[in-house]
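**Student:** Structure in structure tokens, see below.
Values quoted throughout were computed directly from the atomic coordinates according to the rules given, and no laboratory measurement underlies them. This is a predicted model, so every value here is computed, not measured. Here Cβ is always computed from backbone atoms with ideal geometry, including for glycine, and neighbour counts include all displayed protein chains.
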Amino acid sequence: MGVGRILLNILVVLAAIAGGFYQLKLKPILVKFGQGRVIDPRGNTDCTTVPELKACEKLVLHQPSGVVYLACSTQESRPHWLPNAQRFNATGASRTDYVASYNPQSGKVTKLKTVNFNSPRGLSLHGMDVVASSSNPSELWVYLVNHREPLSGDPKVVGADSSVEVFKTTLGGSTMEYVRTVEDPLLLTPNDLTGTPDGKAFWVTNDYGVKTGLIRDLDLLGRATTSVVYCHETEGCKYAIQNMHGNNGIAQAPNGTFYVVNAIGGQLTVLEKQADNTLIITDVIESDRSMDNASIDSEGDVWVAGFPKALVLVYEHFANPTKVVSPSTAFRFSINTGPNSFYGQKFKVDRVCDRSSYTLSVACHRIT
């Protein structure tokens, strides 16, 4: 057999391998990320734009009052400093991010001023939770993921020096008082968190297993490196669960059930809290697209933000958020009480809202 024939056979084999890889691995990912998807607008007849609130990564609804709390930044800074998306230009970072409250009934927006928070690295916010105090329901604990610039080293090499900041505010107030900063090596790439009503503990997702580098991209192919970390004021931090995939948003139901969003795989993972505050997976609910943050309404339904065009979000909107819009979806996950629940379909997934005109940065809420 001649050299040319051997090379041809090798090329044929390589082409077959590449074709198989595309069909079995890459194509399902691209489809889930929105390749070829046509937006089907729905649920857009009763929406309000709040122009004062921009680049708000997370919102939390205080259900008794209907007031919404948001962790916000600036559109101008996001293309420069967004460590979870490997944007590490610290000179362009916003260090004056803020928490705002929004009353949908009156339309009033209040930017909460920090009290006794004197960090020179300021606030570069991501995930957030707002929890009513167990000792006084009118007092609220505010838990914030803060992506600080590292004290030394190139951020592109060492990553962000992320922490969790804990504040306290009052319902309807205009300030939030600094309580403490939580720093720990396990807070590797924190994304979102859910806190306790005593202000002492929280669970936070790491959305990658390493801070920087191309190796992170292997997670797109299914590498399971993400985790949930549990931190307590006096006990420190520990892993609640490891070796998960694509962790992003997290929410906690009153009955102790946790929900963690797999942003890459488009899944909602159901977990149960153990006596030692670790978590075990009990179920996985599928969707057809990439997803982000989650929240739970008064009826126990889980609302999750989805991205019908995730590739547009990551490669176009993140680079130019003031000019390139990214379509968005709001999902509602609920217990299936219909006839098909007897055939193994335990959960119902409703696509409540689809928008092509702007991005829903966080999960939608129903005020009840």
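**Student:** Could you list Cys237, Cys72 in order of exposure, starting from the residue whose Cβ has the fewest other Cβ atoms within 10 Å?
**Tutor:** Cys237, Cys72
**Student:** Going by a ≥ b ≥ c, the root eigenvalues of the Cα gyration tensor, does the chain fall in the rounded group (a/c under 1.5), the prolate group (a/b larger than b/c) or the oblate group?
**Tutor:** It is prolate, given that a/c is not under 1.5 and a/b is the larger ratio.
**Student:** Right, another one. Once a ≥ b ≥ c are taken as the square roots of the eigenvalues of the Cα gyration tensor of the range 274-336, is the result rounded (a/c under 1.5), prolate (a/b larger than b/c) or oblate (a/b not larger than b/c)?
**Tutor:** Prolate is the answer for the range 274-336, as a/c is 1.5 or above and a/b outweighs b/c.
**Student:** Separate question: Using alpha carbons only, how many angstrom separate the centre of the range 120-161 from the centre of the range 289-349?
**Tutor:** Answer, in whole Å: 24.
**Student:** Classify the range 41-183 as rounded, prolate or oblate from the Cα gyration tensor: take a ≥ b ≥ c as the square roots of its eigenvalues, call it rounded if a/c is under 1.5, otherwise prolate when a/b beats b/c and oblate if not.
**Tutor:** It is oblate, given that a/c is not under 1.5 and a/b is not larger than b/c.
**Student:** Once you list every other residue whose beta carbon is under 11 Å from the beta carbon of Leu144, what net charge do they have if Lys and Arg are +1 and Asp and Glu are -1?
**Tutor:** Charge balance near Leu144 sits at -4.
**Student:** By counting other Cβ atoms within 10 Å of each Cβ, how are Val261, Val204 ranked from fewest to most?
**Tutor:** Taking fewest neighbouring Cβ atoms as first place, the list is Val204, Val261.
**Student:** Determine which lysines satisfy two conditions relative to Lys27: a Cα distance under 22 Å, and not lying fewer than 8 residues away in the same chain.
**Tutor:** Hits, sequence-local ones excluded: Lys309.
**Student:** What residue among Val68, Val229, Val260 shows peak mean-square fluctuation when the chain is described by a Gaussian network model with Cα springs under 10 Å?
**Tutor:** Top of the fluctuation ranking is Val68.
**Student:** If one takes the longest principal axis of the Cα atoms in the chain, at what angle in degrees, from 0 to 90 and to the nearest 10, does the Cα axis of helix 3-21 lie?
**Tutor:** That works out to roughly 30 degrees.
**Student:** Tell me which residues come under 5 Å, amide H to amide H, from Cys237 once H is placed; ignore anything under 5 positions away on its chain.
**Tutor:** Sorted by chain and number, the residues that satisfy this are His232.
**Student:** Let me ask something else. Please find, in a Gaussian network model of the chain (springs between Cα atoms separated by less than 10 Å), the residue of Ser134, Ser106, Ser334 whose mean-square fluctuation is greatest.
**Tutor:** So, out of Ser134, Ser106, Ser334, the one fluctuating most is Ser106.
**Student:** What is the distance, in nm, between label points placed 7 Å from the Cα along the Cα-to-Cβ direction at Ala319 and at Gln274?
**Tutor:** Rounded to a tenth, the inter-label distance reads 4.5 nm.
**Student:** Which pairs break 29 Å Cα to Cα here: Lys54/Lys238; Lys156/Lys323; Lys238/Lys346; Lys108/Lys156; Lys58/Lys200; Lys211/Lys273?
**Tutor:** Cα-Cα > 29 Å for Lys54/Lys238; Lys238/Lys346; Lys108/Lys156; rest within.
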